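Note sheet for the following structure.
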Amino acid sequence: MPNPDHGDRARPGRSLLPRSVSRHQVGVAAVTALAGLAYALLGLVQLRNNRATIFDLVIFDQTIRNYAEFRPPMSPALGAFHGTSLDYLQLAEHFSPILATLTPLYWIHDGPASLILAQSALFSLAIPPIWRFARRKLGTVPAYLVVASYATSTAIAQAAVFDFHEVAFVPVLTAVMIERFDAGKPFIGSLAAAGLLLVKEDMGLLVAGFGCFLLATRRFRPGIGFVVGGLGMIALTRGVFIPAAGGDPATFWAYNYLGRNVPEVLSTAVTNPGLVLHSLVNPPVKVATMLGLVAPVAFACLLSPLVLPAVPLILERMLSDRPFWWTNDFQYDAFVIVVVISAAVDGIARIQRWMDRRHRGHPPASVSRSTPLGLAWAALVCGISLALVPQNALGRLLQPAFYRADFDAVAAAEAAATIPSGVVVESVNNMGPALTRRATVVLWQPQSYRAAWVLANTERLAYPFASVDQQREKVAELVDSGYEIVYERDGYVVLHHPDGTNAKAQ
């Protein structure tokens, strides 16, 4: 039987490949490269056409630039947004020290494009371990279909188009953790789990959930370790690391209607389960989002205890009072998509084993022979994912209009060129990435930062304003307070105040 970790060795005969390289290694590498190129094209076109944003691309650009220059990971954009100072640490908002591993990229090219390329590569690098896991469970052909469904999934597409986020590290680390434990190589899997704990403060929920899976499959010692380690890291980051960086762990507490802290929420769940269940499925967008995760895998993830790692993160989102956490429009589904797909693969494999036991005349499936059930399911989910591509962000790559610059592209470039280098500038959300390499960028918002330079827009709605009219009123307010308009075209307005303070937000 071929080794699923290495693929089929090249057979004797004429071949252009070295003997140590199998055709499947080449095949998986090709799928990985194509996926990475698609994600990179998506992100880079967004950046070129001024559709990327300060929140969140500039935040991470500032953070990693400071790492690269051997300074603390400060994000002035976050500091201004929170009404503090420009030396606000990114670690005070989210505990993501793993971002420091991207520092060498900024020694090569200092700019947000490096982050988009890094994220594209990280998303695509989850493909090899997913393929190995699926091949071991279902066979070779289904494995290719499974990775195609991952590569074209809405979860990854939406994350790839929405700038850069720390979630970039999660799919590959999760895939390695799952695949290595399944292969009986827990040491590497444990290292991947440790890496997850450095991605974000709530990744302890994912690790603890994986511990629950290990317990459910009678691997008690590592299971207990993962549960204790995951929950312990959450307590450590929220209770020690984030406060030490100057942050407030309560900033992202979104459950006050259930309780002021975790014990109170648990008490509410016991004493008033109806409230919790109602909150889980209302408003209906929550149900739509959850169905959007499990329906593309034909609900097969519900057949495996491997789905357990996804449950805490889904509950974290759906029980919150933050509407933007409830949708699949942003990066949040990417935190769990590998778990959902892997659990579905395992679920189908469990059904197949049950069928094999019922029909003992059938030999068990091997990596060189796909079972009819596994092949049919993998073809179905691959077809579903491909059918959904026109509706998700990857579908934009098929639309010529996506590549064309917007009508105001000339005005955007001229407005950016008006801003001097080395200054602090309040910028409309979509123009920050064009300025961040040469200026200190903070977000233009209703609560003015009083920077000397402001790049505004009075024609397009921009976060965090509620309306274009509010943006126009803000520009008028700035003019009344002494700012001078030095450039104006197609909605873009550049204002300058020689006495701008760059002080604490007012």
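Coordinate-derived values only; no laboratory data. Source: prediction; values computed, not measured. Backbone-built Cβ (ideal geometry, glycine too); neighbour counts: all protein chains shown.
3J(HN,Hα) along segment 278-292, derived from phi through the Karplus expression 6.51 cos²θ - 1.76 cosθ + 1.60 where θ = phi - 60°, amounts to 5, 5, 5, 10, 10, x, x, 4, 5, 4, 4, 5, 5, 5, x Hz, with x in place of Gly and Pro.
Here segment 169-192 and segment 42-84 have alpha carbon centers that stand 30 Å from each other. Each residue of segment 51-63 is assigned a 3J(HN,Hα), and the resulting list reads 10, 7, 9, 5, 9, 9, 5, 5, 3, 6, 4, 5, 4 Hz, derived from the Karplus form 6.51 cos²θ - 1.76 cosθ + 1.60 (θ = phi - 60°), x at Gly and Pro. Centre-to-centre separation between the Cα atoms of segment 210-251 and those of segment 383-398: 36 Å. Just to confirm the number: angle between the C-alpha axis of helix 127-138 and the first principal axis of the chain, 0 to 90 degrees, nearest 10? Tilt relative to the chain: about 30 degrees. Taking label positions 7 Å along the Cα-Cβ direction at both Met355 and Leu386, the computed distance is 2.2 nm, reported to one decimal.
In terms of other Cβ atoms within 10 Å, Lys286, Lys137, Lys185 run from fewest to most in the order Lys185, Lys286, Lys137. This model, with +1 at the C-beta of Lys and Arg and -1 at the C-beta of Asp and Glu, gives segment 341-457 a dipole about its Cα centre of some 820 debye. Neighbour counts of C-beta atoms inside 10 Å place Asp469, Asp406 in the sequence Asp469, Asp406, starting with the fewest. Which far-off residues, 5 or more places away or on another chain, put their amide H under 5 Å from the one on Ala439, with H placed in the peptide plane? It is Gly422, by chain and number. If you plug the beta carbon distance of Arg221 and Ser481 into 1/(1 + (r/R0)^6) with R0 = 45 Å, you get a FRET efficiency near 0.10.
Taking amide H as placed 1.01 Å from N in the peptide plane, the amide H of Tyr487 sits under 5 Å from that of Val494, each at least 5 places away or on another chain.
Here r is the Cβ-Cβ distance between Arg460 and Ala288 and R0 is 25 Å; the resulting FRET efficiency, rounded to 0.05, is 0.35. Multiplying the residue separation of Ala33 and Leu280 by 0.36 nm and removing their Cα-Cα distance gives an extension gain of 85.1 nm. Applied to segment 227-238, the Karplus parametrisation 6.51 cos²θ - 1.76 cosθ + 1.60 on θ = phi - 60° returns per-residue 3J(HN,Hα) values of 5, 5, x, x, 5, x, 5, 4, 4, 5, 5, 6 Hz, with x for Gly and Pro. The mean sequence distance of close C-alpha pairs (under 8 Å, at least 6 residues apart), as a share of the length of the chain, puts its relative contact order at 18 percent.
The long axis of helix 203-216 is offset from the longest Cα principal axis of the chain by roughly 10 degrees. The fewest-to-most ranking of Cys212, Cys382 by surrounding Cβ atoms within 10 Å reads Cys212, Cys382.
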